[in-house]
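The values are calculated or read from the model by the stated rules, or taken from the named source; none is laboratory data. Quick caveat: nothing in here was measured; it's all calculated off a predicted structure. Here the Cβ positions follow ideal geometry from the backbone for every residue, glycine too, while neighbour counts run over all protein chains shown. Ligands, DNA and RNA are excluded from the accessible area calculation, which covers all protein heavy atoms including side chains. Shrake-Rupley method; radii C 1.70, N 1.55, O 1.52, S 1.80 Å.
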Amino acid sequence: MPTVVVMDVSLSMTRPVSIEGSEEYQRKHLAAHGLTMLFEHMATNYKLEFTALVVFSSLWELMVPFTRDYNTLQVVLVTDGCLGIGRGSLRHSLATQNQRSESNRFPLPFPFPSKLYIMCMANLEEYSRKLIDLAYTPFHAVLKCGHLTADVQVFPRPEPFVVDEEIDPIPKVINTEGDEVGTGITDDNEDENSANQIAGKIPNFCVLLHGSLKVEGMVAIVQLGPEWHGMLYSQADSKKKSNLMMSLFEPGPEPLPWLGKMAQLGPISDAKENPYGEDDNKSPFPLQPKNKRSYAQNVTVWIKPSGLQTDVQKILRNARKLPEKTQTFYKELNRLRKAALAFGFLDLLKGVADMLERECTLLPDTAHPDAAFQLSHAAQQLKLASTGTSEYAAYDQNITPLHTDFSGSSTERI
């Protein structure tokens, strides 16, 4: 993932640092030296990384911008830890955090997926974080396919995955045992360059796999650990450049429900009969679930206020046409009732009940008497459901039309 380096250039960073020798150093010199080491490491081991440099004091300035857009960022803040004074300082920002408006809120936490690392200038005796070891260590592994193997470097480094459903979740990491780890990175640049030159002349299985997946437009399932899988595929950055990508599935025996259990996947030769048919005219996928999928049903969605308003207006339009529209009225009423119960929107039920009672008082003298009975009955049932009592707020329960002496004839008028 890309990195944003935010460097403190305030006056406190010009404080001298006591170092043996005649040359005088300031804290900003140490920060620049440390960032130089970081950038050199990234240029050698993280060649695909994109970085941006921002300097700040009372104001900020973008020194080196990004060249691409990304969804996730790593932010490295380099500072001497001084809180500062006056408006805009960290001291002032923390003191007024609860007094800020939405347009001028405290910048943390960031409103986008990110990681924040803070590097403070300190003496050797003080505690220090090893940023390179923590966030920028190359991830080497071995890709195996039968008897074919290849040393690979995965970029960016796969993050541990935590399963939220577990009681005591333990982060799952990709296994890279000692005998399965690649050649790694040497400390000597000359040895490293020669090793890269030699590796570039050796046939690599990844090249064959990448080309095959790109030409055939297919993906390859890869096992990362016990009950943890992912897929390899080719993704093009441009018409002339493409990369071998890996996407990770959630850990578990069935990460893709339509594909079934990963452990049961195998070659066609293991099957009793060809699951694709003799003429390749059928497919065993997708697997049909035992229960009907929720997204395959006609569900009610209220993403925007206009959607909710439309559903309420449908009920009111049918209410004014009772008893001719009795079936349609109760169908729309029950659909809204189920959605409100599912969302916990009990106030909506009471609000619609009040609307139906109001419609009942506005019925003209020529209205069918059954209309008033049905409106009063529907309003009463909605009010009972709005209490949340299990007896009246059951999700599977429907409000049925009230049987009256006028229900048999919808043409009679009084």
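Some observations on this one:
- Nitroxide proxy distance, nm - points 7 Å out along Cα→Cβ at Arg91 and Asp354: 5.2
- Over 26 Å between alpha carbons, listed pairs Lys144/Lys282; Lys314/Lys383; Lys115/Lys240; Lys304/Lys331: Lys144/Lys282; Lys115/Lys240
- A simple count of charges around Tyr395, restricted to other residues whose Cβ falls under 11 Å of its Cβ and scoring Lys, Arg +1 and Asp, Glu -1, yields +1.
- Residues of type lysines that Lys239 reaches as a straight line, Cα spacing below 19 Å, ignoring anything fewer than 8 places off in the same chain: Lys214
- Other residues with beta-carbon under 12 Å from the beta-carbon of Lys314 carry, at +1 per Lys or Arg and -1 per Asp or Glu, a net charge of +4.
- All other residues whose Cβ lies under 13 angstrom from that of Val207 are scored, Lys and Arg at +1 and Asp and Glu at -1, for a net of +1.
- Applying a threshold of 23 Å to the alpha-carbon distances of Lys241/Lys261; Lys130/Lys201; Lys47/Lys241 flags Lys241/Lys261; Lys130/Lys201 as lying beyond it.
- Three-way shape call for the range 240-286 based on the alpha-carbon gyration tensor, with the a/c threshold at 1.5: oblate
- Solvent-accessible surface ranking, highest first, for Asp347, Asp354 at 1.4 angstrom: Asp347, Asp354
- Annotation for the range 86-115: trypsin sites (Lys or Arg not before Pro) lying in DSSP loop with at most 14 further Cβ atoms inside 10 Å of their Cβ are Arg87, Arg100, Arg105.
- Rounded percent of accessible protein surface that carbon and sulfur make up, the range 242-286, 1.4 Å probe: 49
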